1. Select from segment 33-46 the residues that are closer than 17 Å to Val179 by Cα and either of a type outside the set (Ser, Thr, Tyr) or open to solvent by less than 50 Å² (accessible area, probe 1.4 Å) (or both) and list them in ascending order.
2. Can you confirm whether Ser113 is out of contact with any Lys or Arg (no Cβ under 8 Å at 6 or more places or on another chain), touching a residue at least 40 places away in the same chain (Cβ under 8 Å) and either more than 13 Å from Thr168 (Cα to Cα) or not small (Gly, Ala, Ser) (or both)?
3. When only residues in segment 139-155 that are touching a residue at least 60 places away in the same chain (Cβ under 8 Å) and either aliphatic (A, V, I, L, M) or open to solvent by less than 60 Å² (accessible area, probe 1.4 Å) (or both) count, which is farthest from Ser113 (Cα to Cα)?
4. Could you check segment 117-138 and list, in sequence order, the residues that are over 16 Å from the mean Cα position of the chain (by Cα) and either touching a residue at least 40 places away in the same chain (Cβ under 8 Å) or farther than 18 Å from Ser97 by Cα (or both)?
5. In segment 93-138, what residues are modelled with pLDDT under 90, of a type in the set (A, V, I, L, M) and open to solvent by 70 Å² or more (accessible area, probe 1.4 Å)?
6. Taking interchain pairs and intrachain pairs at least six residues apart, which have beta carbon atoms under 9 angstrom, with the first residue in segment 170-184 and over 20 Å from Tyr128 (Cα atoms) and outside any loop (DSSP other than H, G, I, E, B) and the second modelled with pLDDT under 90 and of a type in the set (Asp, Glu)?
7. Scanning segment 94-142 for residues that are of a type outside the set (Val, Ile, Thr), in contact with a Gly (Cβ under 9 Å, 6 or more places away or on another chain) and not in a strand (DSSP E or B), which turns out farthest from Val179 (Cα to Cα)?
8. Can you pull out every residue in segment 156-184 that is hydrophobic (A, V, I, L, M, F, W, C) and open to solvent by 50 Å² or more (accessible area, probe 1.4 Å)?
Amino acid sequence: METVNMLNIAFCILTAGAGLSAAVANAEEVYKWVDSNGVTHYGDEQRVANQNGASKIEVKAPKVGTVETNYVPKGENIRPVNGTSNSNIRVSIVSPSNGQEIRANDGVITVSSNINPMPSGNYSTKVYIDGSLFGSANNSSTVRVEGVPRGEHQITTKVQVQDGKIFTSNSIKVTVLRVSVGGK
C-alpha cells in the first residue's frame, strides 16, 4: 500500500510541475495559494489570487534564441522565361494585416506574401519575426510559422531567388493573443 501512495505522490508532483511549466511559459505574473483542503493552486489572475490570499512567485521567462541559416533554395539553374528577370521583384505581406490581433493559442500563424512578378525558376519565402527566422517554404508565398509567443511582434518576409538575390517586404506589426493560465 505504501508503494501505491508513493507512486500517487510522485505522479502528483510531476503533474504539478508540468502545469507550472505551462504557467511559466505563458504568464507574466504567477501566484500560488493553498485552499482549505490543503491543495496547492497556481494562477495568473490577480483578482483570483487576491481572493485566495495567494503569494506572488518569481518566474523566469524562457530564453528565445535566434536561428542562423545559410539556406539556399534547391533547384537547377533555369533561364528566365519569356524575357523576365529576377531583378525587380516586389514583396509585401498580405496576411496577417498590419496592426492585426491574432488569436493563436497554439502559437501557429500563417503568413502570406504577395510576390510581383513571380520569380522565374525556384525561390524560397522566409518569415522573420522580431529579426529571427521562424519558417520558410520553397516555391510558395505562404509560410506556416510555429512557436510564436504571445505579445507584439514585427514580421518581415524575404524572398530568395535561385541566383541568390533577396527581396524584402516592409515590416508589419501584429499582436499574438494566447490563452492565459487560468483560462478565464
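The values are calculated or read from the model by the stated rules, or taken from the named source; none is laboratory data. This structure is a prediction, so every number in the text was calculated from the model and none was measured. Using ideal geometry, Cβ is built from the backbone for each residue, glycine included, and neighbour counts are taken over all protein chains shown. For the accessible areas, the whole protein counts, side chains as well, though only heavy atoms, and no ligand, DNA or RNA atoms are used. Shrake-Rupley method; radii C 1.70, N 1.55, O 1.52, S 1.80 Å.
1. Gly43, Asp44, Glu45, Gln46
2. no
3. That would be Pro149.
4. Selection gives Pro117, Met118, Pro119, Ser120, Gly121, Asn122, Tyr123, Ser124, Ala137, Asn138.
5. Met118
6. Listed by first residue and then by second, the contacts come to nothing, as the list is empty.
7. Gly121
8. Across segment 156-184, the qualifying residues are Ile166, Leu177, Val179, Val181.
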